[in-house]
Every structure is written in structure tokens, then in C-alpha cells.
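Remarks on the structure that follows.
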Amino acid sequence: MAKILSLENGKTFAEAKGEVVYAAAFIQWFSEEAPRVYGDVIPSSLPNTTVFTLKQPVGVCGIITPWNFPAAMITRKIAPAFAAGCSVVIKPPSETPYSCLAFSKLAVEAGIPADCIHVIPTKDREAATELATNPIVKKISFTGSTGVGKMLTELAAGTMKKVSMELGGNAPFIVFEDADLEKAVEGAIVCKFRNSGQTCVWYSLHIFKNLTLVRIVFTSRRRFTTSSQNC
């Protein structure tokens, strides 16, 4: 799996192996949570009355994932769907479809019914529109840009689908005057360069006072110089 992921995504083999372990963790977590999908008993204001709720599968879930984490973003969505008893239709990114296909093959081999997991490896944007508008699909889960997320949410409203959206934004990196600058710089480097900067925690804005800025610049230069020498 790590080899497939590295070849199609371009991240280092070490990062790819880390992502596969990360992806597997979602399967483990939700498989153990599945037996604990309980309902609730709610106190009633009426005498001799019991109020309770049941949790039931919503139905077919449309899954649309990004290319930066082609394994983890899929298991993160399909694992809870399976745990709740839902089938899934996955539209992986056209840049990285092979990880999804490989995971789907493993899922079927592990015992997931083939009718419960479908993959649509296509560049046709109409596939996402179909997932958002088809009445058979009862929920959409999307990770990607805010603009596309808004469009899918509007389309999903036509059939009253449930939606889960993890959308892009501008994340600031804030450093206070009393911060440990070594740790701050370490965190900034990890956030900025992890996965070539293609992550949801990549920051686009620094916030700190002028004195802190000078200290961070010198600390960062020292760290980068050391890293270059070690390479």
C-alpha cells in the first residue's frame, strides 16, 4: 500500500508508510466503536411514558476525497459509514485513484460485501454532481475547497441530504512573546513543509510582535542551516 501511495502521490516512502498506518487506525477505531452505537433514554414530562431514541443507518453515503492524503482521507470517511451500517460510493481524486482501488480490494477480501463499496475513478465532474443530487444517496462527505463544498451543499439541499464538509481556509501561525522559540520554529517547519505543504494545517499567515519576529528569523536560519549540513 505504501508503495502504491508513494508512486501515485509523490510523497516520500517514509511518509507513505506513516499514512498507511494512520489510515488503518481509523478502521481499527470505528470497528471497535461499532458495537457501541447506542440509543438514548430521555426523561419524559408525561407520566407513565418512556421516550427513547434509536440510531439507524442513513443509507448510501457519497464520499469525495482529496489527493493529498489518498489513503487516510478515504478510511476516515468509509470506516464510520461501515460501522453505522451504511454502504458507500467513493469518488477518489483523479490524480490518485489507485490507493482507493487497492483499499477497496482489501475491504472486500476482509469481508465487506462488494455491493457495499463502489469506486468511481473518473475525471468527470458530473460524477460529484450525481452524488450530490441522486435521491438514492442520503449523505455527502467531502474534503476539499470551500467553493466546491458550497456548491455540493447547495445541490444536496435539493434532496435534503445530510452533509459533512471539511473545507479549506486560511490558518494563522501565532507565536506569543513568552513562547519557546525552538519549539515554535520546529512546529512551524513541520506545519509548513510536511507533505510538501499540501496539508490542512499548512499556515498562510504569521502573527507575532516585531521582537519575536527577529528572534524567530535567526532561530529559523540556524535550523535550516543545520538541516542543510546534515543532508
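Quick notes
- Strands (runs of 3 or more DSSP E) wholly inside the stretch 113-231 containing at least 1 residues that are at pLDDT below 95 and more than 26 Å from residue 80 (Cα to Cα): 172-174, 205-207
- For the stretch 102-150, the tally of residues that are touching an Asp or Glu at 6+ places or on another chain (Cβ under 8 Å) and over 27 Å from residue 170 (Cα atoms) stands at 0.
- Scanning the stretch 92-145 for residues that are over 25 Å from residue 8 (Cα atoms) and among the hydroxyl-bearing types (Ser, Thr, Tyr) yields 129, 133.
- Scanning the stretch 32-46 for residues that are surrounded by 10 or more Cβ atoms within 10 Å (Cβ to Cβ) and closer than 14 Å to residue 85 by Cα turns up 32, 33, 34, 37.
- Residues located in the stretch 8-31, provided they are over 22 Å from residue 86 (Cα atoms) and either surrounded by fewer than 14 Cβ atoms within 10 Å (Cβ to Cβ) or outside the structural domain of residue 105 (by TED's automatic domain parsing) (or both): 12, 13, 14, 21
Residues checked against (1) part of a loop (DSSP other than H, G, I, E, B); (2) in contact with a helix residue (DSSP H, G or I) (Cβ under 6 Å, 6 or more places away or on another chain):
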| residue | (1), (2) |
| --- | --- |
| 6 | no, yes |
| 24 | no, no |
| 32 | no, no |
| 56 | yes, no |
| 76 | no, yes |
| 81 | no, no |
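- The residue that is nearest to residue 94 (Cα to Cα), among those in the stretch 48-77 that are in contact with a Lys or Arg (Cβ under 9 Å, 6 or more places away or on another chain) and surrounded by fewer than 21 Cβ atoms within 10 Å (Cβ to Cβ), is 60.
The values are calculated or read from the model by the stated rules, or taken from the named source; none is laboratory data. The shown structure was predicted, so the numbers you read here are calculated from the model rather than taken from an experiment. Cβ coordinates were reconstructed from backbone atoms using ideal geometry, including for glycine residues, and neighbour counts include every protein chain displayed.
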